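Every read-out reported here was derived from the displayed coordinates using simple, explicitly stated rules and does not represent laboratory data. None of the values given here were measured: they were computed from a predicted structure. Here the Cβ is made from the backbone with ideal geometry for all residues, glycine too, and neighbour counts use every protein chain on show.
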Amino acid sequence: MYWSQVRVLAGPPKKMNRRRFIKSISYIYFFSCLNEFNLLFANDLRKVINPSLSQEQKKIMFEDSTERPFSSPLNHEKRNGFYHCANCGNKLFASTSKFDSGTGWPSFTESLPGAFKTKVDYSIGMKRTEYHCAKCGVHHGHVFDDGPAENEKRFCNNGLCLIFIPSNDS
Ligand SMILES: [Zn+2]
């Protein structure tokens, strides 16, 4: 909440006096508290659902950390099936969208509809699109616009956030 917006709420400019000044400050305080509350609420959406998550999994999912590249056995997973959220079990990717990106992390061209929500992330000083489980809110990875398929998407997912369930036919 900036002064210009307060001025819009307050109507046309009036001569500032002590009462109006206090009123304006109260507006600023009220809206900044509201913003803090929203941030707090957004973080609180992440909850441990799977009690057997390891410390490393929790660090990635709840603190937006990243696993070491080439460390996930899922990099070599080629069977048919689906990849689920390791925290809540939400179905996220079909094996048909998996490809070898050479980056060292399990990579996918597309997620299943409604599987994720995204947010813009500047944590390493560049603009990236972070994505997290739409059901439980935990961090999974980042999506880039350099994928090999027609939609040009590359979902770069931490293997530790995924559970692979093979289909019966594979
Ligand atoms: Zn989840």
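May I ask for the net charge around S111, where only other residues with Cβ less than 12 Å from the Cβ of S111 are counted and Lys, Arg are +1 while Asp, Glu are -1?
That works out to +4.
Per 0.36 nm of contour for each residue apart, how much would the distance between N80 and R19 grow if the chain were fully extended, relative to their Cα-Cα spacing?
Once the chain is fully extended between N80 and R19, it gains 15.1 nm.
Let me see the P(r) profile for the range 42-166: every Cα-Cα distance counted, bins of 10 Å, each bin given as a percent of all pairs.
Going out from 0 Å in 10 Å bins, the range 42-166 shows 14, 49, 33, 4 percent.
In terms of Cα to Cα distance under 22 Å, which lysines are near enough to K23, apart from those fewer than 8 places away along the same chain?
K14, K15
Amide H neighbours of L92 under 5 Å, counting only residues 5+ apart in sequence or on other chains, H built in-plane at 1.01 Å?
Hits under the 5 Å cutoff: Y83, H84, C85.
Just add up the charged neighbours of T66: K/R +1, D/E -1, any other residue whose Cβ is under 12 Å from the Cβ of T66.
Summing Lys/Arg as +1 and Asp/Glu as -1 gives -3.
Long-range amide H contacts for K135: which residues qualify at under 5 Å (H placed 1.01 Å from N, peptide plane, sequence gap of 5 or more or a different chain)?
Amide H to amide H, under 5 Å and 5 or more residues apart or across chains, K135 pairs with nothing.
Once phi is turned into ³J(HN,Hα) by the Karplus curve 6.51 cos²θ - 1.76 cosθ + 1.60 with θ = phi - 60°, what whole-Hz value does each residue of the range 92-97 show in order, with x for glycine and proline?
10, 9, 9, 4, 5, 9
Lys and Arg at +1, Asp and Glu at -1: add these up for the other residues within a Cβ distance under 10 Å of S95 and post the number.
Neighbour charge sum, excluding S95 itself: +2.
Test of the criteria: in the range 116-169, which trypsin sites (Lys or Arg not before Pro) are in a DSSP loop and have at most 11 other Cβ atoms within 10 angstrom of their Cβ?
Here the trypsin sites (Lys or Arg not before Pro) that fit, given the DSSP loop and packing criteria, are K127.
Pairs K127/K153; K91/K127; K58/K117: which exceed 25 Å Cα-Cα?
From K127/K153; K91/K127; K58/K117, over 25 Å: K91/K127.
Tell me, what is the percent relative contact order of the range 46-135, built from C-alpha pairs under 8 Å that lie six or more residues apart?
Rounded, it is 20 percent for the range 46-135.
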